[in-house]
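Here is the structure we will look at.
The values are calculated or read from the model by the stated rules, or taken from the named source; none is laboratory data. Everything numeric in this text was worked out from a predicted model, so none of it was measured. All Cβ positions, even for glycine, are placed from backbone atoms using ideal geometry, and neighbour counts span all protein chains on display. Only protein heavy atoms, including side chains, enter the accessible area calculation; ligands, DNA and RNA are left aside. Shrake-Rupley method; radii C 1.70, N 1.55, O 1.52, S 1.80 Å.
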Amino acid sequence: MKTILSSVRIAALMFVTTGFLAAPAVAQTKFAQPDATVRAAVEAAVLEANAKMTAAANRLDADAFFEFILPGDDGAIIQNGVLFKSRAEALAAVKRGFQGVAAVDRRFEHPRVTVISPDCALLAAEGSVTATLADGRTLTNRFAVSLVFVRQGGQWKLLQGHYSMPTAAGQ
């Protein structure tokens, strides 16, 4: 039972520390890209927003993390095959996941930003997260994430994304 609870806790932690909404399928394989200057600016802004989200998660601050997610329930929130029905449900899951956790260290590796428009971009990455529980145990796992960011009111916010941890067979 402790193993299952630990797995659930690390899954919830991984969820918050990676963003967590399902990325929409792009109907077209080709689209008009902004010029190189705009692409570079969007890429830098999206990476900065993601770094701030990561810092909030690493501080175990679910409310600060969710400040980077658009309000409302327009995005489909998915984690490891589980569809959350609302933003509030996802926030509650994240807060439950932080219970009994002393520290989190999430690190993104090889982030790739695809600029869709001057106001929309997709970030895809892999990485690792280590959670130290209040009893001193440490759990580490790999993750993969895709996050759709949109610029609204001059700020980059998470609209949709998807988070998953590889299974033992897939590692």
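Data overview
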item	result
Qualifying residue in the range 66-84 (condition: in a helix (DSSP H, G or I) and over 21 Å from SER146 (Cβ atoms))	no
Which listed residue is surrounded by 13 or more Cβ atoms within 10 Å (Cβ to Cβ), more than 19 Å from TRP156 (Cβ to Cβ) and at pLDDT 95 or above, from ASP73, ASP61, ASP105	ASP105
Considering residues of the range 108-134 that are of a type in the set (S, T, N, Q) and closer than 27 Å to ASP74 by Cβ only, the residue most open to solvent (accessible area, probe 1.4 Å)	THR114
Residues satisfying the stated conditions in the range 158-171, i.e. open to solvent by less than 40 Å² (accessible area, probe 1.4 Å) and assigned to a strand (DSSP E or B)	LEU158, GLN160, GLY161, TYR163, SER164
Positions within the range 135-157 being open to solvent by less than 80 Å² (accessible area, probe 1.4 Å) and not in a strand (DSSP E or B), in sequence order	GLY136, GLY154
Residues located in the range 78-87, provided they are farther than 15 Å from LEU158 by Cα and open to solvent by 50 Å² or more (accessible area, probe 1.4 Å)	ASN80, GLY81, VAL82, LEU83, LYS85
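Each row is one residue, and each column tells you yes or no for (1) closer than 14 Å to ASN50 by Cβ; (2) without any contact (Cβ under 8 Å) to a residue 24 or more places away in the chain; (3) out of contact with any Lys or Arg (no Cβ under 6 Å at 6 or more places or on another chain).
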residue	(1), (2), (3)
ASP73	no, yes, no
PHE98	no, no, yes
ARG106	yes, no, yes
PRO118	no, no, yes
THR138	no, yes, yes
ASN141	no, no, yes
VAL145	yes, no, yes
GLN152	no, no, yes
MET165	no, no, yes
